[in-house]
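Before any comments, here is the structure.
Since every read-out is calculated from the coordinates, none of them should be taken as a lab result. Just so you know, these numbers come straight off a predicted model, no measurement behind them. Positions of Cβ are backbone-derived with ideal geometry, glycine not excepted, and every protein chain shown enters the neighbour counts.
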Amino acid sequence: MALALALGLASPAFAQETKEPAGPVIEIGDAVTADAQIRNRIQTIFREIDGLGHLGVSVTSGVVRLSGQVEEAALAQKAEDLVSRVAGVVAIENRLTEQTAVTERLKPVIGRFETRMQQTLDYLPLVLVAAMVWLLIGLLGWFITTRKQPWGWLTPNAFIADLLRQTVWLAFLMLGAVVALDILGATAVLGTILGAVGIIGLAIGFAVKDTVENYIASILLSIRQPFQPRDFIALEGMEGFVIRLTSRATILMDIDGNHIRIPNATVFKATIVNYSRNPERRFSFELGVDADSTLQEALAICQQTLVGLGFVLTKPEPGAWIEKIGDSNVLIGVSGWINQTETDFVKARSEAIRTVKTALEVAGFALPEPIYRLRFDAGDSVPTAEQPKQKPGTKPAPGKTPSPEPKSALPPTPPSSPAPRDQANDEVTDTGVDEAVLKKVDDERQAEPGADLLSTEAEDELGARPVV
């Protein structure tokens with residue numbers, strides 16, 4: 001028991017740890033620096049620093065007391081830091097106060113301004129030399145990039161050549177800026193400037209995302225050349241003749257003379273139908289004949305009629321076929337090919353319909369309208385005014401009697417007979433290309449001859465165009 005008690009009393013002594021002094025060791029004896037030496041040393045240092053020479057310094061037993069007023073709070077902190085580095089200082093009592101008089105507060109500001117003005121004047125000759133070097137390098141880049149060659153050799157596309165010129169000139173300007181900053185010894189500023197420009201460019205890029213997208217699309221379209229001026233195209237549900245391709249939009253003119261502006265980003269991603277790429281174009285239409293007609297003869301008349309039209313090409317040859325059997329007629333499909341450089345598509349199709357219809361009627365083929373029958377539950381069928389009559393010379397089916405003719409209050413009309421052919425109607429009407437809209441397109445292009453990224457001389461993305 002006594003041994004355990006002794007160990008318990010002794011354990012706190014063993015648990016104690018050695019601690020380092022909280023601050024610098026306070027010397028004693030002959031190593032102590034005299035207070036007068038400490039004060040003189042501090043005053044000597046303060047006299048060499050602007051704004052601290054008038055401060056009061058007193059030292060007692062190594063404790064330094066600072067008194068007086070400073071022009072800025074930073075000077076008070078600076079004085080305390082300097083005193084803490086003097087050997088022999090035990091503690092510091094900072095009794096400095098900040099100057100509140102306006103005239104005294106403005107003195108350091110005016111002093112710094114005068115210093116910077118003097119530095120600017122001293123650097124002015126060097127700045128002029130740097131600016132002159134930057135200007136000379138920029139003028140050299142401008143001279144090189146404004147020449148027609150070698151940019152015309154590098155790319156036949158004028159828009160791409162202009163973009164390449166601007167890029168090279170920008171590179172010359174950046175090179176001049178680097179050389180000028182190197183002359184001034186401020187190359188470190190270039191990194192800051194480039195960083196700021198990058199952040200600003202990123203923000204502008206988000207703000208004008210659609211504009212940048214359209215600009216890039218215009219570059220790609222000018223390279224691909226999917227269409228040429230005066231081409232008749234269809235995209236995004238709109239049709240029109242191409243006027244020009246700008247750096248932002250594709251401009252069309254529809255058949256009514258209206259302008260259509262489509263963003264290039266939309267044009268680049270859209271499905272484009274170019275009707276003018278191939279001069280040969282096929283038109284087709286349908287005509288109905290009576291169900292009892294001799295269809296082989298009707299098909300032959302349709303085809304022969306188209307062959308006789310001068311604006312219809314013989315190769316590929318026209319065609320006629322049975323499209324489908326209707327409720328009261330047979331639909332015949334008719335098609336032919338034209339040369340779009342000489343014939344207007346709409347006029348040609350209209351004239352072909354008129355001519356084929358006339359030929360069928362002259363040959364005795366009727367183009368009937370739909371026929372309907374009405375049947376009542378409690379009575380016999382009621383014939384309509386358009387119910388087909390029994391043909392002469394035919395007998396009614398066994399067990400059936402012919403239906404009586406419907407009575408009408410109006411006097412009977414004589415049977416219709418084919419109208420005599422008018423020679424004027426037999427002549428083919430004008431099917432030439434409609435130059436009205438194309439003339440407006442040409443006028444628009446001549447008004448701004450240099451604002452088009454399309455080329456009428458270069459091949460498009462599919463190569464040379466076929467010729468009929």
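Cβ-Cβ distance of residue 117 and residue 73, R₀ of 30 Å, FRET efficiency by 1/(1 + (r/R0)^6): the value works out to about 0.70. The radius of gyration of the Cα set in the stretch 280-369, together with its Dmax, comes out at 12.8, 41 angstrom. By DSSP, the beta bridges lying fully in the stretch 29-100 are antiparallel in about 40 percent of cases. Need one word for the stretch 40-108: rounded, prolate or oblate. Basis is the Cα gyration tensor (sqrt eigenvalues a ≥ b ≥ c); a/c below 1.5 gives rounded, then a/b vs b/c decides. Prolate.
Oblate is the label for the stretch 71-121. Its Cα gyration tensor axes, ordered a ≥ b ≥ c, give a/c of at least 1.5 and b/c at or above a/b. Note on the stretch 174-243: Rg/Rh from C-alpha atoms, Kirkwood Rh, equals 1.31. Rounded, prolate or oblate for the stretch 208-328? Axes are the square roots of the Cα gyration tensor eigenvalues, ordered a ≥ b ≥ c, and the cut-off for rounded is a/c under 1.5. The shape class here is prolate. Remark: the stretch 131-143, residue by residue, has Karplus-estimated 3J(HN,Hα) of 5, 5, 5, 4, 5, 5, 5, x, 5, 5, x, 5, 5 Hz, where x stands for each Gly or Pro and the curve is 6.51 cos²θ - 1.76 cosθ + 1.60 at θ = phi - 60°.
Sorting the Cα pairs of the stretch 251-298 by distance into bins of 10 Å, from 0 upward, gives 16, 27, 23, 15, 15, 4 percent per bin.
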